[in-house]
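Presented below is the structure to which this report refers.
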Amino acid sequence: MSHFIRASKFRHVYVEPAKTDQTYTGLKLSTATGEQNYIKANTKFFCVSLQGGGGPMYVCPHAKVGRFETGAPIITGHSGPVLDFDFNPFHEHLIASASDDCTVKVWGIPEHGLTENITEPLVDLHGHKRKATLCKFHPTAEHVLGSASADFTVKVWDIEKGGEITSLSGGMSQLIQDFSWDYCGDLVAATSKDKSLRVFDPRTGALAMEKKEAHEGSKSMKCVFLGSKDKLVSVGFTKQSQRQFKIWDHRNMEKELKRVDIDQAAGVIMPFYDEDANLLYLAGKGDGNIRYYEMVDETPYTFPVSEYRSTNSQKGIAFVPKRGLDIMSCETARLLKLTTNAVEPLRFIVPRKSDAFQDDIFPDTYAGVPSLKADEWLGGESKPPVLVSLRPGGTNGGGGAGVPKKAFTPPKSAVTLQKELDVALARIAELEAKLAAAGITEEAAKEAA
């Protein structure tokens, strides 16, 4: 009997765990729990939430391996624990945080990392009535941020103007467990404790599609769009607490396109999608397994590739953008695995004999520059993400070389505005005194004009 083996560029991908001297240890992580992944990363830094007052966040450069130093500079400015955070994809020195104190704040990071504690945010967003639990930046529009809250809404913000754009609710009456932007940022999918999977128009706040009982189990459900494939994946549990994922056509969610039962473990699964490789990564909280599946456009829609197993359980996972990888070593993905007190980099490598650039596994990737301004996106424009070549020696290629970014100009804080107003009023009073001393009245000035 013959056996058909499906050809795949990623069939032999293997994981190279970091050596002990390449890990980040001694982290006193926050004890606040929730629906978040607990760690996020960009090409320069990763961030975790620490124990302590003021919702401390530790932003660490990737090059700064080793043990966490007590007293190291942190970001601290909330009045409650930070429950989630996200790096701005277009400005690598900006990070947003969502907190138990019901606020969302945006912080600036110095060029070479933190050198002192930062307590004053660049932007302070108020509007949620209960704790803010999740936050994610828009994938294509500059200065647009989404945040979810225990008030059962997902709010969309313009951080440059410091104001709310829309509020998405769609009948959600229980805790929001996850939300995800689609490829162009034209839709937002959200999962809720009521077991429903909803798709919204983030510009208007209108509910576009809803699937009740997307998963029958009562445990947490997560979701992620499959890049440009016009498909959506939800990860949840059966009534028997078996973990599973389903693939949906978000334009017609009457029935799933595919259902895959995974295992009987209890940990909530965190889904991540690699648009360049068409790989879906599923990492379970509380266990050491990371599975990856190759996704295709037609039935059967998904093929299992392999699985990384470890006895060291993970609390959270973050993906490093492709521009931050070692391309010439055929590193197709790097995951930062957060344990109880450490961060371990995991390098996913496709073995190749040639030392040349492998363009078949490294197509043009997300460039980290906006396709649209916030007002253009809000006006109805839609553009896919800007892509860039990773080929070394090119204008923007070479694993980590970026596209020049325009500086972010945040709205001024109330403290700064008050200081500027005090200076202006003092100057006006000084000039008025000089005019009075010279005998020039307001009426005389108007007649002279």
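The values are calculated or read from the model by the stated rules, or taken from the named source; none is laboratory data. Fair warning: this is a prediction, and the values are worked out from it, not measured in the lab. Backbone-built Cβ (ideal geometry, glycine too); neighbour counts: all protein chains shown.
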Before we move on, is VAL233 aliphatic (A, V, I, L, M), more than 30 Å from ASN341 (Cα to Cα), in the same structural domain as THR339 (by TED's automatic domain parsing) and in contact with a Cys (Cβ under 8 Å, 6 or more places away or on another chain)? yes
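How many residues are of a type outside the set (D, E, K, R) and over 16 Å from ASP201 (Cβ atoms) if we restrict to the stretch 375-395?
So the answer is 11.
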Kindly indicate which of ILE327, ILE349 is touching a residue at least 40 places away in the same chain (Cβ under 8 Å) and crowded, with 20+ Cβ neighbours inside 10 Å. ILE327
If the requirement is being within 22 Å of the chain's Cα centre (by Cα) and under 22 Å from GLN264 (Cα atoms), which of these qualifies: VAL199, VAL235? VAL235
Please work out which one of (1) surrounded by fewer than 13 Cβ atoms within 10 Å (Cβ to Cβ); (2) in contact (Cβ under 8 Å) with a residue 40 or more places away in the chain; (3) β-branched (Val, Ile, Thr) is the condition THR70 fails and give its number. (2)
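If we keep just the residues of the stretch 13-23 that are closer than 12 Å to VAL343 by Cα and assigned to a loop (DSSP other than H, G, I, E, B), which is modelled with the highest pLDDT?
Across the stretch 13-23, the extreme among qualifying residues is THR23.
Answer with yes or no whether GLU116 is out of contact with any Pro (no Cβ under 8 Å at 6 or more places or on another chain), within 15 Å of VAL59 (Cα to Cα) and free of Cβ contacts under 8 Å to residues at least 60 places away in the same chain.
No, not satisfied.
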Somewhere in the stretch 408-429, is a residue at pLDDT below 95, in contact with a strand residue (DSSP E or B) (Cβ under 9 Å, 6 or more places away or on another chain) and of a type in the set (S, T, N, Q)? yes
Among what's in the stretch 108-131 and is under 18 Å from the mean Cα position of the chain (by Cα) and under 22 Å from SER167 (Cα atoms), pick the residue that is surrounded by the most Cβ atoms within 10 Å (Cβ to Cβ). VAL123
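Filter the stretch 138-155 down to residues that are surrounded by fewer than 24 Cβ atoms within 10 Å (Cβ to Cβ) and of a type outside the set (Gly, Ala, Ser) and give me whichever is nearest to the chain's Cα centre (by Cα).
That would be PRO139.
Okay, residues lined up against (1) under 22 Å from SER228 (Cα atoms); (2) under 21 Å from the mean Cα position of the chain (by Cα); (3) in a strand (DSSP E or B); (4) of a type in the set (Lys, Arg):
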| residue | (1), (2), (3), (4) |
| --- | --- |
| LEU282 | yes, yes, yes, no |
| TYR292 | yes, yes, yes, no |
| GLU298 | yes, no, no, no |
| ALA318 | yes, yes, yes, no |
| ALA333 | yes, yes, yes, no |
| ASN341 | no, no, no, no |
When you look at LYS105, is it farther than 17 Å from LEU168 by Cβ and surrounded by fewer than 24 Cβ atoms within 10 Å (Cβ to Cβ), yes or no? no
Please give the number of the condition GLY379 fails out of (1) out of contact with any strand residue (DSSP E or B) (no Cβ under 8 Å at 6 or more places or on another chain); (2) small (Gly, Ala, Ser); (3) in contact (Cβ under 8 Å) with a residue 40 or more places away in the chain. (3)
From PHE10, PHE46, residue being part of a strand (DSSP E or B) and either of a type in the set (Phe, Trp, Tyr) or surrounded by fewer than 22 Cβ atoms within 10 Å (Cβ to Cβ) (or both): PHE46
